[in-house]
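Scroll down for the structure; my scribbles are underneath it.
The values are calculated or read from the model by the stated rules, or taken from the named source; none is laboratory data. Everything quoted here is computed from the prediction, not taken from an experiment. When we count neighbours, we look across all protein chains shown, and the Cβ atoms used for this are built from the backbone with ideal geometry, even at glycine.
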Amino acid sequence: MARRPEFYFDEKTGYYRKRVKLQSGAYKDVRAKSKEELRAKLYDLETAQRMGVILDDKTTVAQLLAQWYTNRKDGLSYSRRRDYVNAINNHICPIIGGYRLRSVKPEDCQRVMAALASKSNSLQTKVLGVMNMGFDCAVENGLIFRSPCAKIKAGGVPTEEKVPLTPEQCAALEDATKGTRAYLFVLIGLYTGLRREEICGLRWSDLDLNAAAPHLTINNAVRFEGGKGIFPSPLKTKAAHRTIPLPSKLADALRAAKSKSNSVFVVPAKNGSNASLQTVRNLMAIIGRRTVKASAATSEKEAKKRGPQIQQTLDFKVTPHLLRHTYITRLCQSGMDIKKIQYLAGHSDIKVTLGIYSHVVGNTPDELISAVESAFSGQTSGQIQKAQQEKVLSINE
């Protein structure tokens, strides 16, 4: 009697095939181009069944991610929810959303990342993070045997290194904005390093200007949603709740502003309510009108809008985050303990603080040479040879 072949070969398709029975009682055809590939697939199938994976599940990537997100969104911040929805709706599902989970291969996940090749490393990291969490959830729930994106790496365009403002630029910025609504925002950013959401959520009750060491405490923030500023909103992390000392220049400016303020907010909207995203844009526009544009000449219309009394004295671009980055950089350059800098910056992960510190402190050859010389001082070849000889045990007969 002829022995049944290990696999059936379909001459029409050129594939090897074997039919196996699943735990549910249904049958499944497993196909592959070669016997070796088919054996590997059958091994994975057998292993998956032993681990309780639901082999005949028809859940798609889109269905999985929708359920995964629904189960987790209530515990997420607004910005994190926005990042997840953007990753799912705009980057993952348009490419593999219709695929059944068990049919997704690493190459499919790589196509998602390839579509983001011209985007930032930050965006790629966020999208890959969502894919990883989604497929890990599928593994944990027995829908797939292993994650198809476990070995995928984020690439993308590296983030440009942020260059802090110089002391001269800081002085020019203060002079250019003095007497405007942007002045206090600029001072708070430069001398406390607060995030823009934290500045907008700062109330006079959060300040103690009469203490021996004037200070402010970050208790709330504003969340920008749909152009509006939602207050109060939770802080970005637990580390964001901190107390920051106020340099005398900022403390004096705050006392002067408080005496004239009719709002509970330190930097309010024009109507006295908490600032919105548009408020921040308006404040940045005040700085922009005092900045020399990169273009060859400013149009007559722009000059008329700016007004003859406004002088363009700034030749650098300013953003709220640049003010914060400048503050943290100055702390690093001062020689302050890195843990104290982390606290004042409100960083939950010290790696973020160290990333700034390593770029600005003592890394030039002129600054490093004395430390290197000191590390090797007293080390000569004769001393090394003597030390090695002393380690040899002498044995007498």
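Computed values, structure above
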item	result
Filter pass, residue 27 being at pLDDT 80 or above, touching a Lys or Arg at 6+ places or on another chain (Cβ under 6 Å) and exposed (fewer than 11 other Cβ atoms within 10 Å of the Cβ)	yes
Among the candidates 344, 314, 354, residue that is at pLDDT 95 or above, of a type in the set (A, V, I, L, M, F, W, C) and closer than 28 Å to residue 242 by Cβ	344
Residue 341 vs. criteria in contact (Cβ under 8 Å) with a residue 40 or more places away in the chain and in a helix (DSSP H, G or I)	no
Which numbered condition residue 188 fails, given (1) β-branched (Val, Ile, Thr); (2) assigned to a helix (DSSP H, G or I); (3) under 22 Å from residue 65 (Cβ atoms)	(3)
Cross-chain or 6+ apart pairs with Cβ under 7 Å, segment 262-278 first and closer than 16 Å to residue 186 by Cα, then hydroxyl-bearing (Ser, Thr, Tyr) and at pLDDT 95 or above	269/276; 269/279
Checking residue 253 against (1) part of a helix (DSSP H, G or I); (2) under 18 Å from residue 180 (Cβ atoms); (3) modelled with pLDDT under 95; (4) not polar (S, T, N, Q), the condition it does not meet	(3)
Test for residue 149: is it touching a residue at least 12 places away in the same chain (Cβ under 8 Å) and either in a loop (DSSP other than H, G, I, E, B) or small (Gly, Ala, Ser) (or both)	yes
Residue 192 surrounded by 19 or more Cβ atoms within 10 Å (Cβ to Cβ) and in the same structural domain as residue 318 (by TED's automatic domain parsing)	yes
Candidate set from segment 129-178 (those that are in the same structural domain as residue 254 (by TED's automatic domain parsing) and touching a strand residue (DSSP E or B) at 6+ places or on another chain (Cβ under 7 Å)); member that is surrounded by the fewest Cβ atoms within 10 Å (Cβ to Cβ)	172
Which numbered condition residue 315 fails, given (1) surrounded by 14 or more Cβ atoms within 10 Å (Cβ to Cβ); (2) within 29 Å of residue 288 (Cβ to Cβ)	(1)
Every residue from segment 256-286 that is among the polar types (S, T, N, Q) and part of a helix (DSSP H, G or I)	259, 278, 279, 282
Residue match in segment 204-213 (condition: among the aromatic types (Phe, Trp, Tyr) and assigned to a helix (DSSP H, G or I))	yes
Residues that are exposed (fewer than 14 other Cβ atoms within 10 Å of the Cβ) and among the charged types (D, E, K, R), drawn from segment 77-128	82, 105, 107, 111
